[in-house]
Amino acid sequence: MNRFADQVAVVTGAGRGIGQAIAGRFAAEGAKVAVISRTQENAQATADNLNRERSETARAYAVDVANAEAVATVCAQIVKDFGQVTVLVNNAGITRDRLSMRMSEEDWDTVVDTNLKGAFHFIQNLQRPMMKQHYGRIINITSISGLVGQAGQVNYSASKAGLIGLTKALAKEVAGRQVTVNAVAPGFITTDMTKELPEAVRQQMLDHIPLRSFGEAADVASAVAFLASKEAKYITGQVLTVDGGLAM
Ligand code: NDP
């Protein structure tokens with residue numbers, strides 16, 4: 001399939017894990033990709049891989065999504081480099097897990113500023129070109145923690161629930177310009193973020209997943225690609241859960 005020929009996708013947190021799989025899917029289906037990561041090293045490694053498959057497909061940009069000024073500079077550069085943006089995937093995210101009674105203000109702020117405010121920063125800078133061209137797809141990567149809550153993750157769950165509210169409110173603001181805004185809520189996906197969990201916790205999770213396996217980054221990328229495609233033109237303001245049935 002070449003669903004994204006002549007399109008430009010911006011993917012945050014694409015240096016590793018789910019974001020890297022999403023960037024790869026867009027590139028495989030014909031898009032040019034702006035690969036965003038916190039570190040230049042990881043952004044460049046993903047972009048180099050994509051360019052090996054097909055030259056001049058991807059460019060790497062290192063930025064802290066929580067830094068409004070730096071994001072504005074990077075977004076202006078992306079628009080200059082590619083001439084347009086048709087898809088934005090806000091995927092960059094972190095955890096700082098701790099029970100709420102022991103959570104520091106810094107742990108709260110860092111997680112909310114990265115996961116929620118980071119998405120807002122990219123939206124503020126890239127929704128205008130989408131609205132001007134009367135076409136755009138914005139996809140926010142939330143989590144089942146934002147739907148059902150997770151003990152030890154009040155900061156993370158709040159940031160991900162916030163992303164769902166942002167998704168629905170923004171969907172209403174931009175629908176008139178044929179820009180759709182949706183969220184994808186992964187469950188337990190095998191990446192750096194989850195591989196540190198103790199074996200006992202992993203087994204406990206598996207026992208609760210109806211499909212009896214953890215998800216792969218590619219499973220999330222498939223859902224994102226669908227929502228970003230033209231086939232999804234009549235879907236906006238929705239949350240698509242990719243969790244093997246865990247949060248049913
Ligand atoms: P990883 O930890 O594997 O990768 C996170 C990516 O985000 C990295 O590329 C990292 O950059 C980037 N990043 C982190 N902080 C910043 C920042 N401040 N500015 C810019 N980029 C940043 O995470 P996953 O792939 O597992 O998760 C991706 C998304 O999916 C997250 O939003 C996460 O909350 C969500 N999710 C994941 C689940 C899972 O089970 N894995 C479940 C539910 C949701 P760098 O590589 O340069 O360090």
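Computed from the coordinates by the stated procedures, all read-outs in this text should not be read as laboratory data. Note that the structure is a prediction, hence the values are computed from the model and not measured. Because the Cβ atoms are built from the backbone with ideal geometry, glycine has one as well, and the counts that use them run over all protein chains shown.
Highlighted here are the strands (runs of 3 or more DSSP E) found entirely within the range 6-73 that include at least 3 residues which are within 13 Å of the ligand (Cβ to nearest atom): 32-37, 58-62. Restricting to the range 23-39, give me the number of residues that are among the polar types (S, T, N, Q) and more than 14 Å from the chain's Cα centre (by Cα). Number of matching residues: 1. Among the residues of the range 152-170, those that are within 21 Å of Asp107 (Cβ to Cβ), surrounded by fewer than 22 Cβ atoms within 10 Å (Cβ to Cβ) and not aliphatic (A, V, I, L, M) comprise Gly152, Ser157, Gly162.
Residues that are within 11 Å of the ligand (Cβ to nearest atom) and of a type in the set (A, V, I, L, M) within the range 182-202 comprise Ala183, Val184, Ala185, Ile189, Met193, Leu197, listed in sequence order. Tell me, yes or no, whether the range 171-181 has at least one residue that is in a helix (DSSP H, G or I), acidic (Asp, Glu), surrounded by fewer than 17 Cβ atoms within 10 Å (Cβ to Cβ) and more than 16 Å from the ligand (Cβ to nearest atom). Yes: the range 171-181 contains one or more residues that are in a helix (DSSP H, G or I), acidic (Asp, Glu), surrounded by fewer than 17 Cβ atoms within 10 Å (Cβ to Cβ) and more than 16 Å from the ligand (Cβ to nearest atom).
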